[in-house]
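Readers should treat all values here as calculations from the given coordinates under stated rules, not as data from a laboratory. This is a predicted model, so every value here is computed, not measured. Ideal geometry is used to build each Cβ from the backbone, glycine not excepted, and the neighbour counts take in all protein chains shown.
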Amino acid sequence: MNAIERTATKYRHLRLNDAATHLVELLAQAEANELSYLSLAENIADHELTQRTDKRITLNRRKAAFPSDKRLEGFDYRHQTTITKRQVSTLLDFSFIEQRNNLIFIGPPGVGKTHLAIGIGQKAIDAGYKVLFRTALDLVETLELAEMKGELKKTINQLTKFDVLVIDELGYLPMSRQSRYNLFQLINSFYEYRSLIITTNKDFTHWGEFFQNDDVAVPIIDRIIHHSHLFMLGGESYRLNQKMNN
Ligand code: ADP
Ligand code: MG
């Protein structure tokens, strides 16, 4: 075993796999550019760090479980006149996540609520945050199952490992009292600790009606709205519009 192989093996023992794989290349670069010892040492560390960050982001993107690959770059602000590019861009410094604020997109079907939620989620992942996408229906089912197994707290704790939870289509279907209670536990755990991105077709003025003004629902709404950026999306369905123009 030559000195390079021996060193690479030692790197692998230290779990510096990418540095090990690219050691020859990094050494050759240092040689060709007459780098200082310190620069070479730094390059090796940088290489490993970059690879690890990339891998973590790729993994986070997979864990996010987005239902489709929507990107903000593909969002047409000329079609959606009720939200501006500037409003969306402002969110991309992610101070809303740092401040544990929520985003709420309200509007009729097809106006781009889910597209925006996914697009912002993708950007948050690029920036190193952990995001999870769930539909409200799906989430309620998960919580119900957990509750039946006596694991509600555990399941909610797992969800709070994410910086942002996207809850898509909240308020489309009525929920049982137990489901509302479970959801309340979740919202409570996220409150001022993690961020939610919610899409809904219900204006908040109708949420009381949806939740039947009960003693579980009203605190949920209060907690969601407190520290939230609300975006009312209007206009025609993008899907419908595309169809008619074709
Ligand atoms: P919503 O969640 O409000 O019902 P979606 O986000 O699912 O609507 O949008 C419906 C479809 O139309 C999706 O394929 C989405 O990518 C597309 N879409 C909606 N609005 C826009 C827009 N402003 N620019 C580009 N595509 C859009
Ligand atoms: Mg949607």
Output wanted: per-residue J couplings in Hz (rounded whole) for the range 27-38, from phi through Karplus 6.51 cos²θ - 1.76 cosθ + 1.60, θ = phi - 60°, x for Gly and Pro. 5, 5, 4, 4, 5, 4, 9, 6, 6, 6, 4, 4
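Which of 227, 13 comes first, and how do the rest follow, when ranked by fewest Cβ neighbours within 10 Å?
Details: 227 15, 13 9.
Least crowded to most crowded, the residues run 13, 227.
Across every pair of different alpha-carbon atoms, what Kirkwood hydrodynamic radius in Å does the range 72-245 reach? Kindly include the intermediate steps, with their values, before the conclusion.
Values: mean 1/r = 0.0602 Å⁻¹.
About 16.6 Å for the range 72-245.
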Using amide H atoms built in the peptide plane, which far-off residues or other-chain residues are under 5 Å from residue 160 H to H? none
Which whole-Hz couplings ³J(HN,Hα) result when phi for each residue of the range 157-173 is put into the Karplus expression 6.51 cos²θ - 1.76 cosθ + 1.60, θ = phi - 60°, listed in order with x for Gly and Pro? 4, 5, 5, 6, 6, 7, 6, 9, 10, 8, 10, 8, 6, 6, x, 7, 10
Which of 128, 37, 238 sits closest to the plus end of the dipole of the chain, meaning its Cα is farthest towards the positive end, when Lys and Arg get +1 and Asp and Glu get -1 on the C-beta? 238
Among 89, 190, 166, the residue whose Cα sits farthest towards the positive end of the charge dipole of the range 71-203 (+1 at Cβ of Lys and Arg, -1 at Cβ of Asp and Glu, taken about the Cα centre) is 190
When the chain is treated as a GNM, springs tying every alpha-carbon pair under 10 Å, which of 20, 124, 65 comes out with the largest mean-square fluctuation? 20
Hey, which of these cross-link pairs are over 20 Å Cα-Cα: 63/202; 130/154; 10/55? 63/202; 10/55
Taking the alpha-carbon centroid of each part, what is the distance from the range 149-171 to the range 111-131 in angstrom? 17 Å
Euclidean distance of C-alpha centroids, the range 28-44 and the range 50-80, integer Å: 34 Å
Report, in debye and to the nearest 20, how large the dipole of the chain comes out about its Cα centre when Lys and Arg carry +1 and Asp and Glu carry -1 on their Cβ. 360 debye
